[in-house]
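Structure, as structure tokens:
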Amino acid sequence: MKILLVVAVALIDADNRILIAQRPEGKQLAGLWEFPGGKVDPHERPEHALIRELQEELGIEVKEPCLAPLTFASHAYEDFHLLMPLYVCRRWTGFVQAKEHTALKWVRANELRNYPMPPADDPLIPALIDLVG
């Protein structure tokens, strides 16, 4: 089974809210909410992939020292296995905008379960609740 490495981030604002993004129509798992991020290209470090994805998806600049690894998800989908490290980021430059997603929301960690998420994202929630309450 193919292993797919993707990287995700919990952007946390000054009010300890976490950014989630709604997957657009036409994409796999469309309509579900996820943590921003994306695929890691061959020979690319996860941090560099995340910096690139955040620029492409949200229009923000993140410096590598501002990314702190928190936890990871390992999930078997039907035709591939997903490995997804989750980073935390509290500092970035620019204004978050939905460039590739249907919508963006800032939510409290204990409200994340109110939004339907892909199966791989769900196990990341307890670590975020422990981190920011």
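The values are calculated or read from the model by the stated rules, or taken from the named source; none is laboratory data. In this text the structure is predicted, and so the values were computed from the model without any measurement. FYI the Cβ positions are ideal-geometry reconstructions off the backbone, even for glycines, and counts take in every protein chain you see.
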message: Can you tell me how many residues within segment 75-99 are touching a residue at least 12 places away in the same chain (Cβ under 8 Å) and under 20 Å from L5 (Cα atoms)?
response: 14
message: Just to be sure before I move on: is F80 exposed (fewer than 14 other Cβ atoms within 10 Å of the Cβ) and within 15 Å of L11 (Cβ to Cβ) in the structure I sent?
response: no
- request: Select, from P42, P24, the only residue that is modelled with pLDDT under 95, assigned to a loop (DSSP other than H, G, I, E, B) and touching a His at 6+ places or on another chain (Cβ under 9 Å).
  value: P24
message: Pull out all pairs, ordered by first then second residue, where Cβ-Cβ is under 8 Å, the residues are six or more apart or on different chains, the first lies in segment 39-55 and is touching a residue at least 24 places away in the same chain (Cβ under 8 Å) and surrounded by fewer than 20 Cβ atoms within 10 Å (Cβ to Cβ), and the second is of a type in the set (A, V, I, L, M, F, W, C) and part of a helix (DSSP H, G or I).
response: K39/A49
- line: Matching residues in segment 6-38 (surrounded by fewer than 16 Cβ atoms within 10 Å (Cβ to Cβ) and touching a strand residue (DSSP E or B) at 6+ places or on another chain (Cβ under 9 Å)) number 4
